[in-house]
Amino acid sequence: MKLAGAVSQASGAVNEDGYGVVARDGDVSAAWIFDGVTGINGRNYLGGASDAQWLVAKAHDHLLHLAASDMALPDILGDLVSRLIVDWEEIRGAVDLPDSYDPPAACLILAKRYGASWQALRLGDSCLLARDADRRHRIHAASPNNAFDHWLSAEARKRRDAGILDIKALLAEFRPQLQAGRAKRNQPDGYSILECSSTALAMPEYLDLGRPAELLLCTDGYYRAVDHYDMHDDEGILDASRRDVHGVLRALRAVEASDPDCQRYLRFKPSDDATAVMLTVD
């Protein structure tokens, strides 16, 4: 497959997303995206722009080697997590972390070609869209894993309809519930996520993609164009991303800028880091 386009843009000062590809002479054999989970520690401890960005940078560097190998996806994930554990043990010995420290984590999608077919690995709620040559698409997308987000959205909707919505106050009020949700990472009653722990191996999702004509990997910040703003359906965002992923993102940012108080399109921050990688066979 060929790289039709890729984009990654921060919503603020720090971009906690990331992406990468393995290609030779324009032929892509692997691609991945990260969506770093913004920490709730109140400060950064690991020496980078953010602790989530530290994790994404480490994982990206490892995948540059691992995704170019012939290893099966479960083996790639196992090796990646082992390397991240080593990275974590090295840095945690050099910094003073509080007992309440929220460790870094990230969503990951890795798509890789084996022979003529593609397979994918997913941890977290980032989105993968695959469309066959006959334009049938299969979606493996966000986000069944976060019941808390759905509940918080319902609470916000009630307050907005009553004319008393204050997003910052709402998030502060429900901070304990947010912290409890973080404790459900890679737990049977929680959600999968990449982290510097063997628990990241507990519940990955593996997907057999067959021989797609198009693949779109994107973080939830980019997929807002579909599930928040109704700018596209799944077919539409595939078409638009094939034409110009940068154009999709510009249009998305324009919608967000038109609703800075998050009242028309209910959400808990005006914008999010957004990343997309679009692959096509022609």
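Taken together, the values in this text are just the output of simple stated rules run on the coordinates, not laboratory data. Only a predicted model underlies this, so the values are computations on that prediction, with no experimental measurement involved. When we count neighbours, we look across all protein chains shown, and the Cβ atoms used for this are built from the backbone with ideal geometry, even at glycine.
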Go from 0 up to the bin containing the longest alpha carbon distance in the chain, width 5 Å each, and give me the % of pairs per bin. 1, 5, 12, 16, 19, 17, 14, 9, 5, 2, 0, 0
With the cut-off at 1.5 for a/c, could you classify the stretch 174-241 from its C-alpha gyration tensor as rounded, prolate or oblate? oblate
Counting each DSSP H run of 4 or more residues in the chain as -39500 (n - 2.57), what helix-only mean residue ellipticity at 222 nm follows after dividing by all residues, to the nearest 500 deg cm²/dmol? -10500 deg cm²/dmol
Any residue on another chain or 5+ positions along whose placed amide H is under 5 Å from the amide H of residue 23 is listed here as 29
Per its Cα gyration tensor (rounded if a/c is under 1.5, else prolate when a/b beats b/c, else oblate), the stretch 155-282 is best filed as oblate
With 10 angstrom as the radius, rank 32, 151 by how many other C-beta atoms surround their C-beta, starting from the fewest. 151, 32
Based on the Cβ-Cβ distance of residue 119 and residue 199, what FRET efficiency does E = 1/(1 + (r/R0)^6) give at R0 = 35 Å, to the nearest 0.05? 0.95
Full extension between residue 82 and residue 169 adds, at 0.36 nm per residue less the Cα distance, a length in nm of 27.4 nm
Quick check: pseudo-label points 7 Å beyond the Cα along Cα→Cβ at residue 263 and residue 14, how many nm apart are they? 3.1
Which shape class applies to the stretch 68-135: rounded if a/c is under 1.5, otherwise prolate when a/b exceeds b/c and oblate if not, where a ≥ b ≥ c are the square roots of the Cα gyration tensor eigenvalues? oblate
Sort 45, 222 so that the residue with the fewest other Cβ atoms within 10 Å of its own Cβ comes first and the one with the most comes last. 45, 222
Convex hull of Cα atoms in the stretch 21-128, direction-averaged projection (nm²): 7.6
